[in-house]
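To start, the structure itself, in structure tokens.
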Amino acid sequence: MKRSRRARREELTGWLMASPWIIGFLFLTLGAMTFSLGMSFTDYDFFNKPSFVGLQHYKQMLFEDELVWHSIGITTLYALFSVPLTLVLGLLLAMILNQKLKGIALFRTVYYFPSVLPEIATIFLWILVFDPSFGLFNSVLKWFSITGPNWLGSMEWALPSFVIMSLWGVGGGMLIYLAGLQGIPTELYEAATVDGSNRFTTFMRITLPMLSPVIFFNLVMGIIGALQVFNQAYIMTNGGPARSTYFFMLHIFYTSFQEYRMAYASALSWLLFLYIGLLTFIVFRFGEKKVFYS
């Protein structure tokens, strides 16, 4: 069946509107990834011509470079704590801000505002908050006659400090949760009230199942974001103390822009890509079964 001229014109218009993104993806994303994959099989130091070395970088990365597994472990540990806490706190705030109260729009704005602040400015703000001498946390602890830790200068507290800091940006996920909560039909809650359901049962039987696609989305995006943490560690601790905050992205950065081992850094980048892809696949494989699509 032939399409009308109008349908063909609309299709062409659609492709033209999408063409800037398509061109950008092909040349700036897919093209760069393909080039990086090719470079990972060479020996290239940014100053000399690349020479083919095969799988040498991948062998070194998996069996000889101890910092690879150390940085992956630190990054994974950070994600294991920051992602669940962000999910739970975001959902809790969304449920509180979903109430029909006077001035609630102001509170929604206040909680979302940190998510749109410049990241570098936020990092310097948290440096002041974590300062052991006059920082906010230790100042509050002094009121209770408690000596606060050296947050960013202690091996025991540096990584937990980053987990605490990750909760600052919970407003983005909160806003998505809030949209999901407001999309749940009120008829379901009315029927639960008629049946005599209490708040906990209503939350477990209605709210969570109906909100499961949003939770699943925030989980996947949270994992991807947590495994690529870089700016905070680079500015606040530079991977220290004693490499306790030496995230995998830091290892890639130092390998490429301090040691100028561009080809090896490309191999490291592909390891991170495969690791994120594997975790995302596992989440989809076992988590999507729990998602309810109405």
Check your understanding: Considering the dipole of the chain built from charges on the beta carbon (Lys and Arg +1, Asp and Glu -1) around the Cα centre, which of Gly222, Thr42, Leu67 is farthest to its positive end?
Key -> Gly222
Check your understanding: Hey, what do the phi angles of the range 119-135 turn into as Karplus ³J(HN,Hα) couplings, whole Hz, using 6.51/-1.76/1.60 and θ = phi - 60°, x for Gly and Pro?
Key -> 5, 5, 4, 5, 4, 5, 4, 6, 4, 5, 5, 8, 4, x, 8, 10, x
Point to revise | Unit charges at the beta carbon, dipole of the chain: most positive-side option, Tyr112, Val83, Ser166 | key: Tyr112
Check your understanding: Each residue of the range 178-184 in turn: what ³J(HN,Hα) in whole Hz from Karplus with 6.51, -1.76, 1.60 and θ = phi - 60°, glycine and Pro shown as x?
Key -> 4, 5, x, 5, 6, x, 6
**Study point:** Amide H contacts under 5 Å for Asp43, placed H, 5+ residues apart
**Key:** Ser51, Phe52, Val53
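What is the magnitude of the charge dipole of the chain about its Cα centre, with +1 placed on the Cβ of each Lys and Arg, -1 on the Cβ of each Asp and Glu, and no other charges, expressed in debye to the nearest 20?
Values: 19 positive and 15 negative charges, 249 e Å.
That gives a dipole near 1200 debye.
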Practice item. Please report the relative contact order for the range 156-294, taking Cα pairs under 8 Å with a sequence separation of at least 6, and give it as a percent rounded to a whole number. Key: 27
Study note, to complete from the structure: Checked the range 138-294 with the C-alpha gyration tensor, a ≥ b ≥ c its square-rooted eigenvalues, rounded below a/c of 1.5, otherwise prolate if a/b is larger than b/c and oblate if not; verdict oblate
Review point. How about Lys49: which aspartates and glutamates have a C-alpha closer than 19 Å to its C-alpha, ignoring those fewer than 8 places off in the same chain?
Key: Glu259
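Given DSSP loops and a limit of at most 14 other Cβ atoms within 10 Å, what is the longest stretch of the chain that contains no such GluC sites (Glu not before Pro)?
Numbers: sites that count: Glu64, Glu156, Glu259.
After excluding every exposed loop site, the longest remaining stretch is 157-258.
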Review point. What is the Cα centroid distance between the range 261-294 and the range 89-160, reported in whole angstrom?
Key: 29
Exercise for review: Using R₀ = 30 Å, calculate the FRET efficiency as 1/(1 + (r/R₀)^6) where r is the Cβ-Cβ separation of Ala242 and Phe47; round to 0.05.
Suggested key: 0.40
Point to revise | C-alpha center-to-center spacing [the range 65-82, the range 170-203] in angstrom | key: 36
**Study point:** Under Karplus coefficients 6.51, -1.76 and 1.60, residue-wise ³J(HN,Hα) of the range 206-217 in Hz, glycine/proline x
**Key:** 10, 4, 4, x, 5, 9, 4, x, 5, 4, 4, 4
Check your understanding: Which of the trypsin sites (Lys or Arg not before Pro) across the range 52-158 are loop residues per DSSP, with 13 or fewer other Cβ within 10 Å?
Key -> Lys100, Lys102
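No value in this document is a laboratory result; all are computed from the given coordinates. From a predicted model like this one, the values you see are computed outputs, not experimental measurements. Here the Cβ is made from the backbone with ideal geometry for all residues, glycine too, and neighbour counts use every protein chain on show.
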